[in-house]
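Structure first, commentary second.
The values are calculated or read from the model by the stated rules, or taken from the named source; none is laboratory data. Because the structure is predicted, anything quoted here is derived from the model rather than measured. Cβ placement follows ideal geometry from the backbone for every residue including glycine, while neighbour counts extend to all protein chains displayed. What goes into the accessible areas is simple: the full protein's heavy atoms, side chains included, and nothing from ligands, DNA or RNA. Shrake-Rupley method; radii C 1.70, N 1.55, O 1.52, S 1.80 Å.
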Amino acid sequence: MATKLPKPKKMLNTVSSAVDDALAGLAMINKGLVILENERVVMRRDHASMIGKVKLISGGGSGHEPTPTGFVGQGMLTAVVMGDIFMAPPTSAILKTIKEIGKDHHEGVLLIVHNYMGDRLNFGIALERVLSEGMKVKMLVVGEDCSMPDVPKVEGRRGLTGCILIHKMAGAMAEEGRSLEDIFQRCKSLAVSDMATINVGWNLTSTLARNAEVPLLADEEAELGLGFNYEPGIHTIPLGTTAEVVQIMLAHMINADSMTHISLDTNCGIALLINNVGGSSKLEEQVFAMETLRQLLMNGYKVKRSYSGSFMTSLDMLGFSITLLNLSSPDILRYLDAPTSAPAWPQTFWGGFSAEDDSHDNLPIYVQGRIPHAEMEMDRRRKLLYGPHISEKSGQSLLQVLSFAVDALIASETQLNVNDMDGGDGDCGTTLRQGAVSVKQALNAGHFNSWRPYAVLEIISFCCERSMGGITGALYSIFFAAASKPFYAMREDAVVNAQSWLDALQAGTKAVMLYGQAEEGDRTMVDSLVAAATALKAALDIDPDDHVEAARSAAMAAESATQTTIRSEARIGKARKFKGRSVVFSTQAFHEHDGRLPGLQQGRPHKNFYGKEECLKASSTMSNTCEACQSLTSKPYGYISNDHDSRVSYLSTQYPTIGEVAALVRQACIRSLSCEVTPGREGPLYFGDKLRGHVLSHTFSLKDAQARGFQRWFSIIVLMKDKYFLLNSWPFLAHEEEQSACPQRAFRLLTVNSPDDSFLKKKTPNKSSRPITQLTADELVFPRLHLWFTWILRAGSTRMVEYVAEGLPTMNVSLDWEQQEETAEGFTVISTTPLNTSVNELEASSSYEVTKVLLFVENVREFRQLLGHEGFLSLAYNLMVGHQVVVRGCPSELVTSIIKCLKVLVPRHCYRAVNHSETYLELAECNLLGLEPQVAVPQPSATVLRLDILRPQNEDHQQNLEMYSFKIKWGGSMPTKCPTILLKMEKAIENSKLCENVLRRHFISLKEEWLNIAKVIHRVHQANGPNEDITELLRSLGAQDHDKLLLDFWATGLVTHPGDNGR
């Protein structure tokens, strides 16, 4: 079955003209090249003047540039014939080129052909035709691929990048005036026995290549021995480090067990050609070249010549090839070093050394600078003794604060990266962590002179400069370097006070503003720095001696300024590029955190808002954006609903008031209206991960005659940390409804479709986008959204126990707008009816009751000890996948206790138990059955497991449970891999640190998780049929193929909401 791969983007005029346009571009840049009219043939402009020299022709399919067109020039090829993408050139073009180049040329023409079936056949046909006409032509087929363990009978070894070295050798020999036969025999000998190439590639997604068999690779795999036309390689290898990949490639090339291996001569030396297949960066290429040279030299091989570059590419493929050539005679080096005008042949810089001089082989690649590092380091350390000093106690306190700061930065790496994804590269946390780790290492090594502030700040600046990359590292280094200058300028006996630190803060801030070209209000770090400096100065002006209060004021001002940047527009840096999509309306839940347990909240007075008051103040600060993005531009600033029983407030504003949440919501907003939009497939979809949160996005459009395309796109997103609850709740979260009737809709559509061209003459580009209230003609659309969003959050809170919260909200969402109240902060209070918590309980959160009898099994852990590991695993597996478990024996109270203790392994609807029966009952009636020993039962089968309890013969032992025997009889066998949840339960049971109560609650949590997975799979089968391939879905949910049987059983009995329409 063919697999469709994603189509990479190409910047071309048309695919059909791509080859011709590329040849034209090559000839326009290189004036010494011309194109044969009406053909895809590139020739030397001066080929007619090549008297007394053999002419060389090569060719092949396009898509491998610069091969072979880039190697046309003096000292290499005379002409090349090109085919379509990955297609051999036509015979007619080859024949025309041979006649154009070789007619009446007595020295002859050599055809150099890559060993590919199409090239070999088409060039061969042309060769036979010109030979019949008496022309002097020979054809050399080059095939040096050493990846294959043996030589294929028909295809032979593929011709790869080694052919370029043959072009160079043959071209240099032709320039010397060597005969056609000499060139042919010399190059043939090299290609057959002294040269080998091996490829490795990945990212095999090109769609310009027709009929390409593209192998499917995992994210961390590469194909070894891959052909340049995407022919499959010999096998896949792990895409590890460069050293690991190079080692595998070189080991395969010299493996004596392979018929195609190359025997390298450690005495005469070798030539190395590293080929970048085209998609890899130059940085990766140079690392690959370094590693290849290093490993060859370590194994005793003398690399006399090495070349690196993109010589033979393959469209979008990422990868490299290694070509090795034995320098079996001195003339090979002479031919490789011979001059050529071919534009693609690499030029190696020798720096005054002669290429023939072998003394350069051991030249060091690292040299010491004119100013020794030790001298520079001593000069830097001398400067650290400048400036005033503080007391030892103050110095120790300074280092403690610094240590706490770097630890906090290191711990916040992940969250800072997530926040940076809002308007950056998502690496802010990593960059700051690198600087913090460097400072911490300097602290631990005792490099800080804690008694001199100048030294402390200068060392921090040095650490940032050395360890942090990019603009962030430069700005932090500049800040601390500039902040140290006021201390550097002070006399050694000067007194350091709070004003000194204020001067340092102001100096650092000014330097960042100067070099970063940022001002206050640009949504950068300058906003926080300026706020801190201003607050510190104001506090010191009031009381210069209260340093602690001044520092606290500065820290609070910096934090407050940071929060305001969430709702402001970036005017500098990468964040300013993220425009066009904005959060319009969001709802958050705020809990009262006063340290009291939920059960002690009754009887306490109600509040207007149970969160922090700062959240209300932050919510009222709006950004300067367009009208459509400011749907809550004036009072009310938002809406509040309170659940006084749970003491939770639900606050709806334009932006979330918590900085971390705001960043995640903004990312989800941008993604839901950009890369996740599929035209024609509007509706609910899921995306996200554990760092950015899990998102259910419902994309829709509203008609707007003033917008481009006469519609505006919106999305409703639900952001949660609980992936399974989100996927489980889609029936009511993703409920699709038709667009609400709009009184203006008919008028707008008539205007758009009107034959009167006056509408087309109207200039509307300058009109700003309209808010949702106008598009829907509903002034109460946001209060209604507030009620619905509040209901979703309240329904989510019931998931703290094992419940299934399904269905649409049953509360009345109609609004009596005249009766609403307004708070002092400008928020409208919307009252809500109690949440309907009528749900299907799967399992009570309270523990089951077991009658205290003389003999009974208290819990599943004790039962496992009685059965042993293998016995318990078999019984638990049968129960959890839907087979019947029959417990037969006496006393009856022991049988009953065993059946009850097994209840904890499965959800309630999968627990159909009959504790005691006088006759056998089929699986359709119960899956757990207790029987007396004398009751006849069927023979054990693959779906029925029987546990027989054998009472000891000695009556004295009958009161001791350990003296009882437990025999399991089952006609089936355990699978190779047990269900994942069963293994997790086993591991938890073996953990002696978990008490019974914790173990039971852990089992409830596990069952809740896997029941949610079962529900998702169940709904997919309902929607798409039972034959739907769900392998990838299982992996995304954390399950595997061996969990299917369990998930199918757990999905039985699930209630489908009437609104699901059978999905």
Interatomic Cα distance distribution for the range 17-337, bins of 20 angstrom, percent = 34, 59, 8
Just subtract the alpha-carbon distance of ASN954 and ASN38 from 0.36 nm times their residue separation and send over the number in nm, one decimal.
-> 319.2 nm
Averaged per residue, the 1.4 Å probe accessible area of the range 17-337, protein heavy atoms only, in Å², is roughly 39 Å²
For a paramagnetic label modelled at 7 Å from the Cα of HIS591 toward its Cβ, which residues of the range 642-660 fall within the zone defined by backbone nitrogen distances under 19 Å?
-> 642-652, 657-660
The pairs in LYS96/LYS136; LYS53/LYS304; LYS721/LYS903 lying past 19 Å Cα-Cα in this model are LYS53/LYS304; LYS721/LYS903
Hey, what's the range 381-576 come to in accessible area per residue, 1.4 Å probe, Å²?
-> 53 Å²
Cα-centre dipole for the range 381-576 with unit charges at Cβ (Lys and Arg positive, Asp and Glu negative), debye to 20 | 640 debye
Placing each pseudo-label 7 Å from Cα in the direction of the beta carbon, ASN255 and ILE542 end up separated by a distance in nanometres of 7.7 nm
Quote to one decimal, in nm, the extra length available between ASP265 and THR414 on full extension: 0.36 nm per residue of separation minus the C-alpha distance between them.
-> 48.4 nm
For the range 17-337, the accessible surface attributable to carbon and sulfur atoms (probe 1.4 angstrom, ligands and nucleic acids excluded) amounts in percent to 53 percent
With R₀ set to 25 angstrom, the calculated FRET efficiency between the beta-carbons of HIS869 and SER1005, to the nearest 0.05, is 0.60
Considering only protein heavy atoms, what per residue accessible area in square angstrom results for the range 903-1039 with a 1.4 angstrom probe?
-> 54 Å²
In what sequence, highest mean first, do 160-172, 256-268, 431-443, 977-989 appear when ranked by Cβ atoms within 10 angstrom?
-> 160-172, 431-443, 977-989, 256-268
Quick one: pull the percent of accessible area on the range 860-974 belonging to carbon and sulfur, 1.4 Å probe, ligands and nucleic acids left out.
-> 45 percent
Residue span THR943 to LEU923: 0.36 nm per residue of separation minus Cα-Cα distance leaves a gain in nm of 6.3 nm
Grab the beta carbon distance between CYS890 and THR1031, set R0 = 35 Å, and tell me the FRET efficiency rounded to 0.05.
-> 0.15
Would you tally the net charge around ALA533, using a Cβ to Cβ cut-off of less than 12 Å, leaving ALA533 out, and scoring K and R as +1, D and E as -1?
-> -1
Taking the Cβ-Cβ separation of ALA913 and TYR964 as r and a Förster radius of 25 Å, what is the calculated FRET efficiency to the nearest 0.05?
-> 0.75
So, over other residues within a Cβ distance under 10 Å of ASN276, counting Lys, Arg +1 and Asp, Glu -1, the net charge is -1
